[in-house]
Amino acid sequence: MACPRLCVSALSFPEQLLVWSLRQWMAGRENWPSVEREFRRACPGAAGLVAVQALADTIGLIAASARRPVTCFPLCSRDIADDEEAVIALVAAAQVNDRHHAEARARDLMPACMVPVLLESTDVLGAALAAADRRLPPRYALAPAGTTLH
C-alpha cells in the first residue's frame, strides 16, 4: 500500500535517524539519552558527539523559537510530517551548501532574527553527519515520484 505522503521507509538511514530523533524529543526529554546513544553508534568518534549536540541545539531552537506550532508525528507513524520533512531538507541543503534552500526552509520555521542561528546549528549538524559518512540525499531538489522529465 502506497503512502499518501513521504514514508519513513522511503528515507535513507540518516533521514530516518533525524526523524526518529525529532519524535523522541517531542515524546519527552527523558528519551534524549537513547538519541545520544544512537547518534554515537551511527556516527563514531567526535562526529557523533558534535552531531548530537548540534541536533539538540537545532531542535531546541525550533522548539523555543518557531514562528508557529511545529508538527511531528508520533514515533509509530510511518508518514512524515511536513515540518519533519522541512528539517530533513534543511540539513540536506546545509550539507550541499545550498544556502538559498536552507534559508527558505529556515525562514518558514523561524522568525527572521533567528534564521542565522538555526542555519549555524544545521550547518554544524550537516557537517558532523557528513564527516561520519551520513549524507542526506537532496530529496528537496528531486522531482516527485511519477514526474516525467523532458
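Here, each number is a calculation from the coordinates, and none is a lab measurement. Here the structure is a predicted model, which is why all the values come from computation and not from measurement. We place every Cβ from the backbone using ideal geometry, glycine too, and count neighbours over all the protein chains shown.
Helical runs assigned H by DSSP (4 residues or longer) give the chain a calculated mean residue ellipticity at 222 nm of -19000 deg cm²/dmol, each run adding -39500 (n - 2.57) before division by the residue total. May I ask for the distance between the Cα centers of region 1-72 and region 86-121, given as a whole number of Å? First find each Cα centre; the distance between them is then 16 Å. 3J(HN,Hα) along region 7-23: 9, 4, 5, 8, 7, 6, 4, x, 5, 4, 4, 5, 4, 4, 5, 4, 5 Hz, from the Karplus curve 6.51 cos²θ - 1.76 cosθ + 1.60 with θ = phi - 60°, whole Hz, x for Gly and Pro. Evaluating 6.51 cos²θ - 1.76 cosθ + 1.60 at θ = phi - 60° for every residue in region 104-118, the Karplus couplings come out as 4, 5, 5, 5, 5, 8, 10, x, 3, 5, 9, 4, x, 5, 5 Hz, glycine and proline recorded as x.
Site pair CYS113 and ALA64 shows an inter-label distance of 1.4 nm when each label is modelled 7 Å from Cα along Cα→Cβ. Calculated translational diffusion coefficient of region 8-138 (25 °C, 0.890 mPa s; Stokes-Einstein with Kirkwood radius over alpha-carbon pairs) equals 171 µm²/s.
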